[in-house]
1. Return yes or no: is Thr215 under 16 Å from the mean Cα position of the chain (by Cα), part of a strand (DSSP E or B) and within 30 Å of His162 (Cα to Cα)?
2. Which one is surrounded by the fewest Cβ atoms within 10 Å (Cβ to Cβ), of the residues in region 101-134 that are under 20 Å from Asp252 (Cβ atoms) and free of Cβ contacts under 8 Å to residues at least 60 places away in the same chain?
3. Within region 154-161, is there a residue that is modelled with pLDDT of 95 or more, within 22 Å of Val131 (Cβ to Cβ), of a type in the set (Ser, Thr, Tyr) and not in a loop (DSSP other than H, G, I, E, B)?
4. Return the pairs, sorted by first residue and then second, in which the second residue is in a helix (DSSP H, G or I) and not basic (Lys, Arg), the first residue lies in region 64-87 and is without any contact (Cβ under 8 Å) to a residue 24 or more places away in the chain, the beta carbons are less than 7 Å apart, and the residues are 6+ apart or on different chains.
5. Might you check whether a residue that is closer than 22 Å to Glu79 by Cβ and touching a Cys at 6+ places or on another chain (Cβ under 8 Å) occurs anywhere in region 208-220?
6. Give all pairs with beta carbons closer than 7 Å in which a residue from region 224-236 that is in contact (Cβ under 8 Å) with a residue 40 or more places away in the chain and exposed (fewer than 15 other Cβ atoms within 10 Å of the Cβ) meets a residue that is among the basic types (Lys, Arg) and not in a loop (DSSP other than H, G, I, E, B); count only pairs at least 6 apart in sequence or on separate chains.
7. Considering region 242-272 alone, what residues qualify as being at positive phi and at pLDDT 95 or above?
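The values are calculated or read from the model by the stated rules, or taken from the named source; none is laboratory data. Since we're looking at a predicted model, the values are computed, not measured. Neighbour counts run over all protein chains shown; Cβ positions are idealised from the backbone, glycine included.
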Amino acid sequence: MASTIRRRVSPAWRWRTNDLYGRFFVFGNKKSIASFSQYSYLYPIWNTNGPANVQGTAQRTEVNVKLIVLGATGGTGLEIVRQATERGHLVTAFVRSPDRLKQFLNRITVKQGDLLNSADLQQAIPGHDAVVSAFGPRVPISKDDGNLLQRFAVALTRAMPHTEVRRVVVESVAFLFKDSVLPPAYLLGRLLFPRTVADASAMEQVFAESELDWTMVRPPQLTDKPYTGKYRVREGHLPLFGFKISRADVADFMLKAAENHASSRKVVGVCN
C-alpha cells in the first residue's frame, strides 16, 4: 500500500536534544519540497473492521484492560497514563515519586518502589493484564546510569515469571535500526550517542532471551505535539524518512499493542 505524499526536506542536518528518546536528527531550516513513497504500513489493530489505509486514523478499541505503567512520570509515560484512563483502563503507575501524577490520583492506583528491584516489581505486577514501560534514564546521562536500561530489563524479566503476567510493551530507541538509511539512525547513534545505543541494545537482548510476550517500540525524535492517530508503523524497520513522532502517538501505539497483543516478540518502528 504505497502512496506518494509531499514532505518538506532539506540537505542540512541539525540535532535536537529532548530526553533519551527525543535525541534524534531533524532536517535543517532550508526549505525544499520532495516526494517519496511510504514503504510502511499500519497494522489492522487500528481498525477492528479491517486494515486501515496508510494514512488512516487509528481507531480506539473498547477493550478494558488492567495495565501497570513503568516510567509513568516521563513524557511518554504521562501520555500513556492519560490515554489509558481516557479509554477506561484500570491503571497502576509504579514510580519512585508520584509528584507528577497528581492530576491522575483520583483515577489511577499509584505504587511506589524501585524499578531496578525485582522484588519490588514482583510485588507490584500481579493482577494486571500487561506491563507498559516508558522507563529510561534522565538526560544528560550520568556514568552511574550508563547501563540503566539493561539493569531495568534484568530486574523486570526476573520478576515477571513469578507474577503470571507475560505481556510487556517497551519503549526503546530508533538508533538500533542498522538498516535505516534515511535517516541513518544506527550510524549517527553510534557516532554521537554510543552509550545510549549500547545500553538500549543490551536491554533488548535481555528481553529477547526471556520467555516473555514482549514488543519493542522504537521511535525516532519525540515531540510534544498532540495526538493524531496518523502515524506509520513497520515491523523490524524504521519507515522511510522516519524522523519524528509525537509522544502522544507513541503512547497510542503502545496501548494498542498491549490491548491487542500485536507484534508479539517483534521490534517495531513508529513515526509520523
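1. For Thr215, the condition - under 16 Å from the mean Cα position of the chain (by Cα), part of a strand (DSSP E or B) and within 30 Å of His162 (Cα to Cα) - is met.
2. Gln103
3. Yes - at least one qualifying residue is present in region 154-161.
4. From region 64-87, the pairs are Thr85/Phe104.
5. Yes.
6. Asp224/Arg247
7. Ser263, Arg265 - these are the residues of region 242-272 that are at positive phi and at pLDDT 95 or above.
Residues checked against (1) modelled with pLDDT of 95 or more; (2) not charged (D, E, K, R):
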| site | (1), (2) |
| --- | --- |
| Phe135 | yes, yes |
| Arg151 | yes, no |
| Asp179 | no, no |
| Ala185 | no, yes |
| Leu188 | no, yes |
| Leu191 | no, yes |
| Ala202 | yes, yes |
